[in-house]
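Visitor: Sharing a structure here in structure tokens format.
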Amino acid sequence: MALKISGRFSIGRGLRLAFALIWIGMACCSLSAQNERTIIIRLLDSQSGQAIVPVAGDNGISVTVNEDATIPRLTARVNKDGVWELKVGSGVEKVQFDTPAGPGGYGYVFCDGSKFRPATIPSYSVAEILSPGVEAANKCSKRFAQAHAGEIVFFVRRPNWREKLPM
């Protein structure tokens with residue numbers, strides 16, 4: 001038998017209400033986590049095809065969302081497996097990647113754009129990255145790689161002396 005505190009409220013009813021609120025809170029938290037999607041970013045050396053290992057103190061790869069510079073940028077971080085991982089929400093449709101820092105403090109150069117400082121940074125569809133995976137073009141060599149679902153593969157190279165000059 002439930003203990004009555006007031007005319008219409010009992011301990012049993014209060015416990016059921018508390019459990020219901022906790023369950024609703026947990027369901028809301030899990031729904032927001034389900035909307036977050038993960039993209040794996042692999043960087044490969046354009047000449048050797050070997051994986052680029054993040055340098056010590058790597059600050060991540062800066063990512064522009066939906067080609068809109070006014071939206072706060074996302075940052076891809078190195079996960080426990082040593083690869084860059086980007087978490088994107090459900091509202092993100094396109095992403096643009098900046099190059100990470102390389103040895104000597106210079107950033108790598110993506111091989112998917114024009115040879116010297118591309119005027120526009122290519123954007124990639126999140127839906128394509130998540131579904132079949134995306135292999136960015138390799139205009140530096142004839143190497144290629146196969147991307148898996150949820151993964152984008154870039155070929156990069158070190159900058160030449162001309163690209164190291166200040167703009």
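Visitor: If only one of ARG73, ARG77 is closer than 19 Å to VAL153 by Cβ and surrounded by 11 or more Cβ atoms within 10 Å (Cβ to Cβ), which one is it?
Guide: ARG77
Visitor: So which residues in the stretch 113-137 are among the charged types (D, E, K, R), surrounded by fewer than 17 Cβ atoms within 10 Å (Cβ to Cβ) and at pLDDT 85 or above?
Guide: Across the stretch 113-137, the qualifying residue is only GLU128.
Visitor: Limited to the stretch 82-112, what total is found for residues that are part of a loop (DSSP other than H, G, I, E, B), of a type outside the set (Ser, Thr, Tyr), modelled with pLDDT under 85 and touching a Ser or Thr at 6+ places or on another chain (Cβ under 8 Å)?
Guide: Number of matching residues: 1.
Visitor: Considering only residues of the stretch 119-155 that are assigned to a strand (DSSP E or B) and of a type in the set (A, V, I, L, M, F, W, C), which is farthest from VAL92 (Cα to Cα)?
Guide: PHE155
Visitor: While we're looking at this one, here's another question. List the number of the failed condition for ASN59; all other conditions in (1) modelled with pLDDT of 80 or more; (2) touching a strand residue (DSSP E or B) at 6+ places or on another chain (Cβ under 8 Å) hold.
Guide: (1)
Visitor: Just to be sure, is CYS140 under 23 Å from the mean Cα position of the chain (by Cα), at pLDDT below 90 and of a type in the set (A, V, I, L, M, F, W, C)?
Guide: Spelling it out, it is not the case that CYS140 is under 23 Å from the mean Cα position of the chain (by Cα), at pLDDT below 90 and of a type in the set (A, V, I, L, M, F, W, C).
Visitor: Further, regarding this structure: Cβ contacts < 7 Å: first residue farther than 11 Å from PHE154 by Cα, restricted to the stretch 30-51; second residue modelled with pLDDT of 85 or more and hydroxyl-bearing (Ser, Thr, Tyr), any location; separation 6+ or different chain. Result?
Guide: ASN35/SER90; GLN47/SER141
Visitor: Looking at GLU67, is it in contact with a strand residue (DSSP E or B) (Cβ under 8 Å, 6 or more places away or on another chain), of a type outside the set (Val, Ile, Thr), modelled with pLDDT of 75 or more and assigned to a loop (DSSP other than H, G, I, E, B)?
Guide: yes
Visitor: In the stretch 63-79, is there at least one residue being of a type in the set (Asp, Glu), out of contact with any His (no Cβ under 9 Å at 6 or more places or on another chain) and at positive phi?
Guide: Scanning the stretch 63-79 turns up at least one residue that is of a type in the set (Asp, Glu), out of contact with any His (no Cβ under 9 Å at 6 or more places or on another chain) and at positive phi.
The values are calculated or read from the model by the stated rules, or taken from the named source; none is laboratory data. Since we're looking at a predicted model, the values are computed, not measured. Neighbour counts are summed over all protein chains in view; Cβ atoms, including those assigned to glycine, are modelled from backbone coordinates with ideal geometry.
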